[in-house]
Each structure stands twice: as structure tokens, then as C-alpha cells.
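All remarks here apply to the structure that follows.
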């Protein structure tokens with residue numbers, strides 16, 4: 001049962017990673033693209049780490065730290081990129 005959950009989390013994480021990529025090719029605003037990509041990458045990465053924690057329970061504290069770091073890092077990076085992209089658009093308009 002643990003092997004099934006592990007592989008389910010790993011495959012789901014990879015699917016989320018791949019799901020965020022086609023959004024980059026749509027004709028939408030850069031902010032929409034960044035948001036979609038960062039959410040998909042964060043969820044995919046967290047699912048992969050959860051899958052690893054099921055496979056290697058002895059490393060659970062380290063993997064929990066990885067999940068917290070991923071959540072904070074991806075959220076902050078998304079805000080920084082969105083702010084930078086928004087400022088770049090304003091400069092090109094003016």
C-alpha cells in the first residue's frame with residue numbers, strides 16, 4: 001500500500017510539473033502565466049517530497065523542512081517575478 005501511495009504521489013507531482021508548462025505558450029498576461037506555473041511547480045514539488053517521505057520515513061524531519069522551504073521559496077519568487085514583470089510593462093508603456 002505504501003508503494004502505491006509513493007508512486008501515486010511521485011507521478012502526480014510529475015503531472016503537476018508538466019501541467020504548468022503549456023500555460024507559458026498561451027496568449028495571456030505574464031502575471032497569469034507566472035501564477036499558473038508557480039502554483040503547478042509548488043504543488044508538484046510538494047507531492048514529490050511527500051512521495052519521498054513515504055518511501056524514506058527516517059528522513060521525515062528533513063523532508064518536512066524541504067516542503068516548508070519549497071512553499072516559502074516558490075511563493076516569494078513568484079511575487080518577485082510578478083513585481084518585476086509588472087514594473088517592466090509599466091516602463092515599456094510609458
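The values are calculated or read from the model by the stated rules, or taken from the named source; none is laboratory data. This is a predicted model, so every value here is computed, not measured. Counting neighbours? That spans all protein chains shown, and the Cβs are built from the backbone with ideal geometry, glycine included.
Tabulated data for the structure shown
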read-out	value
Condition check for residue 38: part of a helix (DSSP H, G or I) and modelled with pLDDT of 90 or more	no
In the stretch 36-61, the residues that are farther than 16 Å from residue 13 by Cβ and surrounded by 12 or more Cβ atoms within 10 Å (Cβ to Cβ)	36, 59, 60
Only listed residue being free of Cβ contacts under 8 Å to residues at least 24 places away in the same chain, within 18 Å of the chain's Cα centre (by Cα) and surrounded by fewer than 19 Cβ atoms within 10 Å (Cβ to Cβ), chosen from 75, 21, 71	21
